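Reading through the structure tokens given below for one structure.
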Amino acid sequence: MNRILSFVTTAALLATVPAGAQMQLPGEQPAGMPAVAGPLTVKYKTDADRILTAAMADNDGYAALAYLCDHIGKRVSGSPQLLTAIEWGAELMKNAGLQHVKVQSVMVPKWVRGSESATVTTTGKGAIKKPLHMLGLGMSVGTGKDGITADVLFVPTFAALDALTPEQVKGKIVLFDPGWHGYGVNSQYRTAGPSRAAAKGAVAVLVRSATGLAMQTPHTGTLRYDETMPKVPAAAVSVEDALMLERLTKEGPVQVHLQMDAHMEADQKAGNVMGEIVGSEHPEQVVVLGGHIDSWDVGQGAQDDGSGIMATFEAVSLIHKLGLKPKRTIRVVFWVNEENGGAGGRAYREMIGDTIGDQVAAIEMDGGAEKPLGIGYGGFGAPRRPAAPAPGAPATGMAPAARGGLDMSTLSEQEKQSYVWMQEIAALLKPIGTDTVSPGGGGSDIGPITADGVPALSPRTVGLHYFDWHHTEADTLDKVDPDDFKRNTAMLSVVAYVLADMDGRLAGRKSTLRE
């Protein structure tokens, strides 16, 4: 799961905020700007009410999610389960009556976890030897069949690592535990920690799982090796075990034996699944929405991102069921390989080619289907990096760089008008309580097109438990509440339909930042 930074405001705000003023962001107060009724609200109220009523009575979307989770299950890139899910997804779209259903061929990496274990040992008075709750990090190299046994060096932060000499780190297993400061902060130790520790001579890395919930549940996720540094094995350990190791290292020498069979195999053929409702007047213009069909190799991939692909699919399916004919094409896409490579998003951008100007808006749902609060809109030149709330704050979908606020004086007139339209669309969602628009919107899969100026949007939820569940064995169907799922579906359906049918187009902004 990855996100894109984006921004939004309201008509009322635009009228009262002085030039250069800073707008508050989600996680602060107010968390979202209230809807403002206007011409779009009046024009689309009848159709929106029909969609909302149908969505809240619909059980087909959740039933499809249940099948995906229980009968196909986890879908890591390169696995047979992913291929099964892709074939099933295409058939689902065809059976729903969507047009131009196809699977766009995409080559994806194949990382194999294999067997893995970790055991901690201390000596002297009160000596212990016990297994750790661990999960190898995605794309990690293995240890070899004999594993690695080495002393553990507790390092709380990157700054602490930088203060150590290579002699202090050489030959050690580095344990990163910065405490819990939100997913956006903690996940950096997973992605960059192995190479930074290896640069100083570490032979392996353990990281505290990126979650605030201590339930002996380790969290996997991808790492990114610096190709100029040695590649060392890396694994996440549960919060409890990270804290225990920290305490033990302060008492005396601690050794861990780490064994991981993780390895890469040849890339595999997979694909993006897509289907459409073809526009009645401007079929070449497209509102695209979706999520990612792959998951990690633990749990069922229910919230991350089964809920996203099934909610966006059902949102489009409902528009078709109701016989609504938007002027522009609505396309739903199940992108592939979001978790450990992003090949699907890049392949989609390549498919679009020089027609990028016909991509009217892009909506990605990749933050789980918890209770929705409204829609995030933006994508104005933001870094495409994982974003997450601070502890206790709502999920925002924005990257940390956005949290300083939005300088209203930097906005074009088209951007300001776009905010007004989004507020009018949000007013249509009042019956289901999702009538706010917030700064922040987008996602990793749509990043390649939103970076080229396509307006980015995404649902904004309460975000209470998503980062507790995702990338773990606990990411299972029971975590998805059916009513919350329906509200997400309803909101997506109304927003996609209006954006595809309204006369105007939202503003986007090209980004100079690339991964």
* **Cα long-axis angle, helix 413-427 against the chain (0 to 90 degrees, to the nearest 10)** => 90 degrees
* Structure fact -> Taking every alpha carbon pair in the chain and sorting the distances into 10 angstrom bins from 0 up to the bin holding the longest one, the percent per bin comes out as 4, 20, 29, 24, 14, 7, 2, 0
* Asked: Based on DSSP H runs of at least 4 residues, each adding -39500 (n - 2.57), what is the mean residue ellipticity at 222 nm of the chain after dividing by all its residues, to the nearest 500 deg cm²/dmol?
  -> -9000 deg cm²/dmol
* **Estimated dipole of region 210-272 in Debye, rounded to 20 [Cβ of Lys and Arg +1, of Asp and Glu -1, Cα centre]** => 80 debye
* Structure fact -> The extension gain from residue 255 to residue 430, computed as 0.36 nm times the residue separation minus the Cα-Cα distance, is 57.3 nm
* Asked: In whole angstrom, how far apart do the alpha carbon centroids of region 282-317 and region 39-61 sit?
  -> 20 Å
* Over the chain, relative contact order from alpha-carbon pairs under 8 Å, at least 6 apart, % -> 27 percent
* HN-Hα J couplings of region 315-321 from phi, Karplus 6.51/-1.76/1.60, θ = phi - 60°, integer Hz, Gly and Pro as x? -> 4, 6, 4, 5, 4, 5, 4
* To do: Could you list which residues have their amide H under 5 Å from that of residue 373, counting only those 5 or more apart in sequence or on another chain, with H placed in the peptide plane?
  => 460, 461, 462
* Evaluate E = 1/(1 + (r/R0)^6) for residue 150 and residue 325, where r is the Cβ-Cβ distance and R0 equals 56 Å; express this FRET efficiency to the nearest 0.05. => 0.30
* Structure fact -> In the neighbourhood of residue 212 defined by beta carbon distances under 14 Å, the net charge of the other residues (Lys, Arg +1; Asp, Glu -1) is -2
* Asked: Is region 25-144 rounded, prolate or oblate when judged by the Cα gyration tensor, a ≥ b ≥ c being the square roots of its eigenvalues, rounded requiring a/c under 1.5 and prolate requiring a/b larger than b/c?
  -> oblate
* Asked: Residue farthest toward the positive end of the dipole of the chain, with Cβ of Lys/Arg at +1 and Asp/Glu at -1: which of 169, 277, 228?
  -> 169
* To do: Quote the relative contact order of region 107-181 in percent (integer), defining contacts as alpha-carbon pairs under 8 Å separated by 6+ residues.
  => 23 percent
* To do: With label points built 7 Å along Cα→Cβ from the Cα atoms of residue 371 and residue 199, find their separation and express it in nm.
  => 4.4 nm
* Structure fact -> Burial-style ranking of 205-212, 190-197, 226-233, average other-beta-carbon count within 10 Å with highest first, yields 205-212, 190-197, 226-233
* Asked: Taking a 28 Å limit on the Cα-Cα distance, which of the listed pairs 45/327; 110/250; 145/170; 74/269; 45/102 fall beyond it?
  -> 110/250; 45/102
* **Neighbourhood charge, 14 Å Cβ-Cβ cut-off, centred on residue 237 and excluding it, Lys, Arg +1 and Asp, Glu -1** => -1
* Structure fact -> Given unit charges at Cβ for Lys, Arg (+) and Asp, Glu (-), the dipole magnitude of region 113-191 about its Cα centre in debye, nearest 20, is 260 debye
* Structure fact -> If amide H atoms are modeled at 1.01 Å from N in the peptide plane, then the residues at a separation of 5 or more from residue 509, or on another chain, having amide H under 5 Å from its own are 381, 453
* **Inter-site label distance for residue 129 and residue 263 at 7 Å from Cα along Cβ, in nm** => 2.8 nm
* Asked: Can you work out ³J(HN,Hα) from phi for every residue in region 368-373, in order, using Karplus 6.51 cos²θ - 1.76 cosθ + 1.60 and θ = phi - 60°, giving whole Hz and x for Gly and Pro?
  -> x, 10, 6, 3, x, 9
* Size of charge dipole - region 114-261 - debye, nearest 20, with Cβ of Lys, Arg +1 and Asp, Glu -1, no other charges -> 140 debye
* Asked: Helix 39-57: angle to the longest alpha-carbon principal axis of the chain, degrees 0 to 90, nearest 10?
  -> 60 degrees
* Which of 377, 202, 214 sits farthest toward the positive end of the charge dipole of the chain, with +1 on the Cβ of Lys and Arg and -1 on the Cβ of Asp and Glu? -> 202
* Report, to the nearest 10°, how far helix 343-352 tilts away from the longest principal axis of the Cα atoms in the chain, using its own Cα long axis and a range of 0 to 90°. => 30 degrees
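Bear in mind that the values in this text are calculations on the coordinates, not laboratory data. These numbers were taken from a predicted model, which means no experiment stands behind them. Heads up, the Cβs are rebuilt from the backbone with ideal geometry, glycines too, and the neighbour counts pull from every protein chain shown.
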